[in-house]
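Below is one structure, written out as structure tokens; comments come after it.
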Amino acid sequence: MSGRKKVAVLISGRGSNMEALIKAARAAGCPFEITAVISNNPGAGGLKTAREEGIATAVIDHREFETREAFEEVLYETLLVFAADLVACAGFMRIMTEGFTRRLEGRMLNIHPSLLPAYKGLHTHERALRDGVRLHGCTVHFVTADLDGGPIIIQGAAPVLSGDTADTLAARVLRVEHKIFPRALALVASGRARLENGRTVIEADADEAAFITSPSL
Ligand code: GRF
């Protein structure tokens, strides 16, 4: 089908967000298709899932490269081979150089398990619990050289409940991740969200805007 944006998904692990994107792409009228899944980790569980879904996979093991730049060069070439219009980082655990992020400016999205700019980096759920916040969640943003600091596209909220452990909270946030990532990707693929002058410009109606803050949707 022409007109749909080709998306390469980058993963390092289990790939549940990747699965959510694959499922969303199957819906009628979805403006993107998942054409490749690429992992830096040969043992990533998501690779098997992608293959079972009939999606092309590639492994680029970062440990085989002397430098970050050398790894990224092969990654970039692979994206060209798959003719990726957009790149979705779904639990891709590699820090990217400024040069690489520039080449994909406005075309690469990442999902992060916190309401950014709170809790950049790792162990977000443990840190949220330690701080005693009542509202937690996840964010999809454009990737820039600023780690977890790129312009925000969509956020989804999840409450912190008494008795939560990092695992129960992570599971609650993950369900929201699976909802907002396909939505954000669809907004970018359809041109209704874009990166302009370092900010996200987004055309969303009131219902879509409500989605951003309502964990039950
Ligand atoms: C997700 O929580 C995502 O936000 C974070 O890494 C986790 C990946 O999970 N960046 P999965 O591989 O998509 O299941």
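The values are calculated or read from the model by the stated rules, or taken from the named source; none is laboratory data. As the structure is a prediction and not an experimental result, all values here were calculated from the model. Counting neighbours? That spans all protein chains shown, and the Cβs are built from the backbone with ideal geometry, glycine included. Side chains are part of the model used for accessible areas, which takes the heavy atoms of the whole protein and leaves out ligands, DNA and RNA. Shrake-Rupley method; radii C 1.70, N 1.55, O 1.52, S 1.80 Å.
Here are the numbers for this structure:
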| quantity | calculated |
| --- | --- |
| Calculated FRET efficiency for the pair E66/D205, C-beta based, R₀ 41 Å, to 0.05 | 0.25 |
| For the chain, accessible area per residue (1.4 Å probe, heavy atoms of protein chains only), Å² | 49 Å² |
| Ranked packing of 41-54, 3-16, most packed first, by mean Cβ within 10 Å | 3-16, 41-54 |
| Helix-only CD estimate at 222 nm, as mean residue ellipticity for the chain, using -39500 (n - 2.57) per DSSP H run (n ≥ 4) | -11000 deg cm²/dmol |
| Where Cα atoms sit under 19 Å apart: lysine pairs in the chain separated by 8 or more or lying on different chains | 4 |
| 16 Å tail of the calculated P(r), the range 1-76, as % of Cα pairs | 51 percent |
| Length-normalised contact order for the chain - Cα pairs under 8 Å, 6+ apart - percent | 18 percent |
| Rg/Rh for the chain, where both radii come from Cα atoms and Rh is the Kirkwood radius | 0.95 |
| The chain, accessible surface, carbon-and-sulfur percent (1.4 angstrom probe) | 52 percent |
| Under-5 Å amide H pairs with F92, H placed in peptide plane, nonlocal only | S12 |
| Segment D131-R175, extension gain: residue separation times 0.36 nm, minus the distance between their alpha carbons | 13.6 nm |
| Charge dipole (debye, nearest 20) of the range 1-154; +1 at Cβ of Lys and Arg, -1 at Cβ of Asp and Glu | 540 debye |
